[in-house]
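A.B. asks: One structure follows; several queries about it will come next.
The values are calculated or read from the model by the stated rules, or taken from the named source; none is laboratory data. Worth saying up front: this structure is predicted, and the values here are computed from it rather than measured. Note: ideal-geometry Cβ built from the backbone for every residue, glycine included; neighbour counts use all protein chains shown.
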Amino acid sequence: MKKLALLATSAAVLATFSYAKEINVGVVMAMSGPLAAYGQTTNEGIEFANSLQPKLKNGDTIKLILVDNKGDKVETANATTRLISSDKVVGILGALTSTNTSQVMAIAEKKSIPVIAPVATNDKLTENKNFASRVCFTDSFQGEVVANYAFKDLNLKTAVVVVDQAQVYSLGLAKAFKESFTKNGGKIVKEIKVSSGDKDFKAVVSQIKAANPDFLFLPMYHPEVSMIARQAKQIGLSKPMFSTDGVANQTFIDLGGDAVEGHMFTDFFDYGAPPTEKSKEFIAAYAKKTGKQEVNSFVALGADAYNVMVDAMNRCENPEDSICINNAIKSTVNFEGVSGVINLDKTGNSTRSAVIKVVTNGKAVYKSTVNP
Amino acid sequence: MFMQQMVNGFSLGSMYALIAIGYTMVYGVLRLINFAHGDIMMVGGFLGFFGMEVLGLPFVAAVLLAIVGAALLGMASDRVAYRPLREAPKISLLITAIGVSFFLENAFNVFFGGVPRAFPVPAYLEVMVEFFGLMMPMSAVIVPIMTAFLLSVILWILFKTKYGMAIRALAFDVGTVNLMGIDANRVITLVFGMGSALAAVGGIFWAVNYPSVEPMMGVLVGLKAFAAAVVGGIGSVGGAVLGGLIIGFTEVVVIAFFPELGGYKDAFAFIFLILILLFKPTGILGIDFEKSRF
Amino acid sequence: MQAMINKHFLIKVGMILGTVWFIWFANGHFDEYTVRILNNIAIFVILAVSYNLINGVTGQFSLEPNGFVAIGAYVTALLLISPDAKSYQYAIADPYPFVMTLQSNFVVALLLSGLLAMLLALVLSFPVFRVRGDYLAIVTLGFGFIIKILAINHPEVTNGSLGLNDIPEFSNLYWTGGLAIVAVVVILNIVNSKFGRAMKAVRDDEDAAIAMGVNTFKAKTLAFCTSAFFEGVGGGLLAALLTSISPDLFDFFFTFQLLIIIVLGGLGSTTGAIIGTVLVMGGSEWMRFLDEPMNLFGYETTAMPGMRMVVFSLVLIFIMLFAREGVMGKRELTDLFKSRKKGGK
C-alpha cells in the first residue's frame, strides 16, 4: 500500500514535471545608455503582457530572460549569443532600434531562432531573413499614410521635408513619404538635412519660411521636432506640421509647449480608442497596476511582440520547436493584439492599422484611424 | 535674410565663446584640456532647471544658483581630481579629466534620466523684439550683451586686479610664481571657479535658447568650444571669443547658404582646428606657449 | 648571460604555445557564448596593445581608436560583402558602381583595412605632431566624430546610419587569437627595439630626448601609425565577427572602454594591456549586477541602469589618483620572472 502510494506520488511528480515545463524566451533590450528611455518602456510592455499571460495553453510557463545591450552592437551580439547558447531560448523579442535588431537577427538566423521586433520599423530589416518578424508597421507604410492623409484629407499640396540623417528611421520615412506624396501629385519644395543632437534650427526654419510650403513633414524624434516647432514659432512660421511615431510621447509636448499645439503625428494605437477587446482588458489591467490609463505605444507593441510569440507557441504541438514557432508567427492571421489587429506574412512584416493624432491643449488627441 | 542669419550666428557664437573662455584659462595655467568643462556647462543648465522647477526660484536667482553651484563643482573637481596630480605626467591629468567628464555625464544619466527635460524659459526672454528692423526673441539680444559684459569682467579681473596678475604670471611659469610667495594652487582653484561660472552661464543660455536640458548636452558643445579656443589662440581670452564667434558664424552661415552641407555642420569646428594647427599652430591671437619643433 | 636570454626566449615561446593551445582547446570545448566573449577579448587585445603603444609607451595622449576601428570595419565590410548582398541592402541611396565591384579575400581585406588606417594616421600626424602639447587628444577626438559624420553622410558607400549587414562571418578564434598573438609579438618587438627606446624617451622627457638626438617626430609618428594599422585590422576582425556594423558602434564610448583597459592594465605595459582587456571585458559582463536591483544590507535598492558606467568612470579616476601604475605598471609579464630570479639569488 505504502509502496503504491509512493509510486503514485512519484508518478504525479513526474507528470507535473513533464507538464509544467519552463520555456525560456529571450529579450534583448536597451535598458541603459542613450536609448534607455525607449528600451525601458518597451520592456515594460513585454513584462506586463507576460504577467497577464505567463502560461501556454498546455500549462508550460514562459520565463523571460532580459539582457541589457546598452544600445550597443557588440553587447547585442554577446547578449543574443548568450540567450541562444546558454539560456536555450526558443525565441527572442527585441531589440529596440533597427541597427541593433538587425544584429540580433543576423545571429538568430544562423541558429534558426525566431525573432520578433516590437518597434524596429526599417523596411530592409526583414529582407532576406527567414526568422525575422515584427509587429510594428514599416517606415514606408507610415510615410505613405502621412502622404495620403495630408494630400487627400487635408488637401495640402506642397511640402518641406526635414530629415534627420543620423537616424535610419528618419531617412526611411522621408524616402517613403516623398515617393508616395509625389505619386499623388504633391510637390516637395525643399528637403533639409539635420542631425540628431542639433539644437539650433534657426537657419533651417528661416529656409522653410522662405520656401513657403503648405505643410512641413518632420519624420524625426521628439527632441529635434520640438526644437524646430519652437524656433518656427519664434520667427512666425505657422504652417501645419506632421510627424511620426517618434514624437508619440508626453515629453514631446512638454518640450514643445505652445509651439506644438496642432502638431499632427502618426502612431500605432491610441489608448483612448482601444481597437480590440484585448486592448480594453490590457488598458484596464494596466490602469489597475500603475494607476494610469495612458498606455504608451511602445508598451502596447512590446506586449504584442510577446503576445504574438505566445500565440505562435500555442499553435505548435511542441512549443519548444523553434522552426514550428517561426512558421506559426509568419502565419498569424487576424490576431487581436493590444495595439490592434495584426496580420503577418511570409516576409515577416505585419499588416496593421495606424492612427493619426493631433496635439490639442497639451494632450495628444485621437483624430482618425488609417487601415492599410 | 542675410542679417537674420548674422544675428543667429552671433548668438550661437557668443555661447561657444563663453564656454571657450573657461577652456582657454584652464589651459593657460595648467596646460590641461579640461574635458569635463562641457559637462560643467551641462550641470549649470541642470542647476538652473532645478532652481526653477524644484525650488521655485525666479529665473535670475536660478542663474545665480547655477553660477555658484558650477563654480563650486569646478573648484571641487580641481581639488579632488587634478590637484593631487600636479607633479604627475600630463597624460594622467588628461585621463582623470576624461574620467570626471564621463562620471558627470553618466551620474546625471542614472539619477535624472537621459530624456531631455523642458527648460522653463521666463516669458520675458521669449517676447519678440525689433532690433534694427529684424524680429528676434529677447534671448538672442541678451546672450551677446551678457557675453560682452562677462568678457569685460574677466578682462578687468585679469588685467586690473592682483589675482589677475597672479593668473597671468602662472601662465608663464608655475615655479617662479611659487617662489614669489603666491599660492599657485589657490590661484588655479580660482581659475577653475571663474571658468566654471562662465560655463554655467553658457549652459543656462543654451537651455534658454533650445529649451531643454539633458545629460549629454555638454559633450559636443564642449569639444567645439575647445576647438574654438585653439582656433582663436589658446591661452588668450580674446582669442577664445574670436574663435567662438568664427565657429558659430560658420555653422549658421554654411547651413543657411549651402543646405546640402548641413550634415557636416558638426565637423566644421574640427576641420578649422586641423587647418589652424597646420598653418598657424598658435591660433589667431595666440601666444607661443611651446616653441614649435620645426 | 646567454642562459638568461635563452630562458626568456623559452618563456616567451612557452607563453605563445600556451595561448595557441588554449585557442585550440577553447574552440573545441567551450560553448558559443564563451567563444564569442573570447573573440571579443582577442580583438580588444589587438586594439589595447596598439592603443597602449601611442598612449602608454610614447606618452602621447590620443583618443583615436574609434575612428581607425571604424575605417577598418568599413573597408573589410565593403570588401567582403557579396555583390548579391550589396544589391539588396542599400536602403537610403543606391551604391556607387565601384562599391559593387569591391571584392577580396579576408587576408587582403584585413591588410587593406590596416594600411588605409595607417595612411590616415600618417596624414594626421603632420598637423598634430608639429606642435607639442595635447592637441593630439582633441584632434583625434574630433577625427572620430568626423569619421562617424562621413559614414552617416555617404549612404552611397556606407549605407548611412543603417550600416552594412550580411558581412560573411570569417572571424573565428583562430583568426582573432592568431592575429592577437601577431600584434602582441610585433608590438613587443617594436617596444624593445631602437624605436621603442626612442618612444619611451619621448614619454619620459621630450627635451632630453631631443638633446640626445632622438628624432621625436619620427618616433611619435611611427607609434601612431603602428597603432592605427592594428586598430584598422582589429576593426576588420570586429566587422567579420559581428557581421553587421553601423556608425553608432564607433562613438566615443568605444575609445573610453579601451582607455580604461590600458590604464587598468598599467599604462606603458603591453602585457598589462592584455590583462586589462581580460579584466574589463570579463568585468563588464560580471558588473551587470550593478544595473539590477540590489540588496544592500537588507535595504532593497531599485534598478539603476547605467550604474556600470558611473562605476567605470570612478574606477578610472581612482586608478589615476591612487594606483597610477595599474596592475602592471610599466613592467611586462616576462619581467616578473626576471625579478623573481634575482630575488632567488
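A.B. asks: State which residue is surrounded by the fewest Cβ atoms within 10 Å (Cβ to Cβ) when the search covers only the range C:194-243 and only residues that are away from chain A (no Cβ under 14 Å) and polar (S, T, N, Q). Lay out the reasoning, then the answer.
C.D. replies: First pass over the range C:194-243, keeping only residues away from chain A (no Cβ under 14 Å): C:194-233, C:236.
Remaining after also requiring polar (S, T, N, Q): C:215-216, C:221, C:226-227.
Details: C:N215: 13, C:T216: 20, C:T221: 19, C:T226: 23, C:S227: 28.
Restricting to residues being away from chain A (no Cβ under 14 Å) and polar (S, T, N, Q), the top hit is C:N215.
A.B. asks: Any idea how many residues of the range C:75-105 are basic (K, R) and within 26 Å of the chain's Cα centre (by Cα)? Walk me through it before giving the result.
C.D. replies: Restricting attention to the range C:75-105, the residues satisfying the condition of being basic (K, R) are C:86.
Checking which are within 26 Å of the chain's Cα centre (by Cα) leaves us with none.
Qualifying residue count, the range C:75-105: 0.
A.B. asks: Next up: Test C:N27 against the stated conditions and say whether it is part of a helix (DSSP H, G or I) and surrounded by 14 or more Cβ atoms within 10 Å (Cβ to Cβ).
C.D. replies: Spelling it out, C:N27 is indeed part of a helix (DSSP H, G or I) and surrounded by 14 or more Cβ atoms within 10 Å (Cβ to Cβ).
A.B. asks: Right, here's the next one. Please count how many residues of the range A:145-159 are surrounded by 23 or more Cβ atoms within 10 Å (Cβ to Cβ) and either in contact with a helix residue (DSSP H, G or I) (Cβ under 8 Å, 6 or more places away or on another chain) or not in a helix (DSSP H, G or I) (or both).
C.D. replies: Taking the range A:145-159 as the starting set, the residues that turn out to be surrounded by 23 or more Cβ atoms within 10 Å (Cβ to Cβ) are A:145-147, A:150, A:159.
Okay, now just the ones that are also either in contact with a helix residue (DSSP H, G or I) (Cβ under 8 Å, 6 or more places away or on another chain) or not in a helix (DSSP H, G or I) (or both), so A:146-147, A:150, A:159.
The qualifying residues number 4.
A.B. asks: When you look at B:G13, is it over 23 Å from A:Q231 (Cβ atoms) and part of a helix (DSSP H, G or I), yes or no?
C.D. replies: Here the answer is no, as B:G13 does not meet what is asked.
A.B. asks: Scan (1) small (G, A, S); (2) in contact (Cβ under 8 Å) with a residue 60 or more places away in the chain; (3) under 24 Å from C:I138 (Cβ atoms) for the single condition B:G69 breaks and write down its number.
C.D. replies: Here B:G69 clears every test but (3).
A.B. asks: Can you tell me which residue within the range B:234-256, out of those that are touching a residue at least 60 places away in the same chain (Cβ under 8 Å) and facing chain A (nearest Cβ under 10 Å), is nearest to B:S14 (Cα to Cα)?
C.D. replies: B:G248
A.B. asks: Restricting to the range B:270-284, name every residue that is free of Cβ contacts under 8 Å to residues at least 24 places away in the same chain and either on the phi > 0 side of the Ramachandran plot or not in a helix (DSSP H, G or I) (or both).
C.D. replies: Residues satisfying the conditions are B:K280, B:P281.
A.B. asks: Would a scan of the range C:57-65 turn up a residue that is of a type outside the set (G, A, S), outside any loop (DSSP other than H, G, I, E, B), within 12 Å of another protein chain (Cβ to nearest Cβ) and crowded, with 17+ Cβ neighbours inside 10 Å?
C.D. replies: yes
A.B. asks: Of all residues in the range C:149-178 being facing chain A (nearest Cβ under 10 Å), among the polar types (S, T, N, Q) and crowded, with 24+ Cβ neighbours inside 10 Å, which is nearest to C:F30 (Cα to Cα)?
C.D. replies: Looking at residues that are facing chain A (nearest Cβ under 10 Å), among the polar types (S, T, N, Q) and crowded, with 24+ Cβ neighbours inside 10 Å, I get C:N165.
A.B. asks: Failed condition for C:I275, given (1) over 24 Å from C:A201 (Cβ atoms); (2) within 19 Å of the chain's Cα centre (by Cα); (3) at pLDDT below 80, with all others met?
C.D. replies: (3)
A.B. asks: Counting only residues that are buried (at least 23 other Cβ atoms within 10 Å of the Cβ) and either among the aliphatic types (A, V, I, L, M) or touching a residue at least 60 places away in the same chain (Cβ under 8 Å) (or both), give me the strands (runs of 3 or more DSSP E) lying completely in the range A:162-248 with at least 3 of them. Step through it out loud before you land on a result.
C.D. replies: Values: elements: A:187-194, A:215-218, A:241-243.
Of the strands (runs of 3 or more DSSP E) lying wholly inside the range A:162-248, those with at least 3 residues that are buried (at least 23 other Cβ atoms within 10 Å of the Cβ) and either among the aliphatic types (A, V, I, L, M) or touching a residue at least 60 places away in the same chain (Cβ under 8 Å) (or both) span A:215-218.
A.B. asks: Answer yes if at least one residue in the range C:85-99 is in contact (Cβ under 8 Å) with a residue 12 or more places away in the chain, within 27 Å of C:A180 (Cβ to Cβ) and surrounded by fewer than 24 Cβ atoms within 10 Å (Cβ to Cβ), and no otherwise.
C.D. replies: No; the residues of the range C:85-99 include none that is in contact (Cβ under 8 Å) with a residue 12 or more places away in the chain, within 27 Å of C:A180 (Cβ to Cβ) and surrounded by fewer than 24 Cβ atoms within 10 Å (Cβ to Cβ).
A.B. asks: Looking at B:T161 and the list (1) over 22 Å from the mean Cα position of the chain (by Cα); (2) closer than 26 Å to B:M6 by Cα, which single condition is not satisfied?
C.D. replies: (2)
A.B. asks: Considering only the range A:169-185, state which residues are within 14 Å of chain C (Cβ to nearest Cβ) and among the basic types (K, R).
C.D. replies: Across the range A:169-185, the qualifying residues are A:K175, A:K178.
A.B. asks: Any idea which residue in the range C:262-272 is nearest to the chain's Cα centre (by Cα), counting only those that are β-branched (V, I, T) and within 12 Å of chain B (Cβ to nearest Cβ)?
C.D. replies: For the range C:262-272, the residue satisfying everything is C:I262.
A.B. asks: Which is over 13 Å from the mean Cα position of the chain (by Cα) and in a loop (DSSP other than H, G, I, E, B), of B:I167, B:I188, B:I182, B:I246?
C.D. replies: B:I182
A.B. asks: Where in the range C:155-209 are there helices (runs of 4 or more DSSP H), lying wholly inside it, with at least 2 residues that are closer than 30 Å to A:A174 by Cβ?
C.D. replies: Ranges flagged: C:155-158.
A.B. asks: A further question on this structure: Quick one: in the range B:195-220, which of the residues that are in contact with a strand residue (DSSP E or B) (Cβ under 9 Å, 6 or more places away or on another chain) and of a type outside the set (A, V, I, L, M) is modelled with the highest pLDDT?
C.D. replies: Once the filter is applied, the top-ranked residue is B:G203.
A.B. asks: Mind checking which helices (runs of 4 or more DSSP H) fall wholly inside the range B:84-161 and carry at least 2 residues that are at pLDDT 80 or above and more than 14 Å from chain C (Cβ to nearest Cβ)?
C.D. replies: Correct list: B:123-126, B:138-160.
A.B. asks: In addition: Just for helices (runs of 4 or more DSSP H) wholly inside the range A:276-350: which have at least 2 residues that are in contact (Cβ under 8 Å) with a residue 24 or more places away in the chain, in the same structural domain as A:N128 (by TED's automatic domain parsing) and closer than 30 Å to A:K363 by Cα?
C.D. replies: Details: elements: A:277-290, A:297-314, A:322-330.
The helices (runs of 4 or more DSSP H) meeting that bar are A:277-290, A:297-314.
A.B. asks: Examine the range C:298-306 for a residue that is at pLDDT 75 or above and either over 29 Å from B:M216 (Cα atoms) or surrounded by 17 or more Cβ atoms within 10 Å (Cβ to Cβ) (or both), and state whether such a residue exists.
C.D. replies: No, the range C:298-306 contains no residue that is at pLDDT 75 or above and either over 29 Å from B:M216 (Cα atoms) or surrounded by 17 or more Cβ atoms within 10 Å (Cβ to Cβ) (or both).
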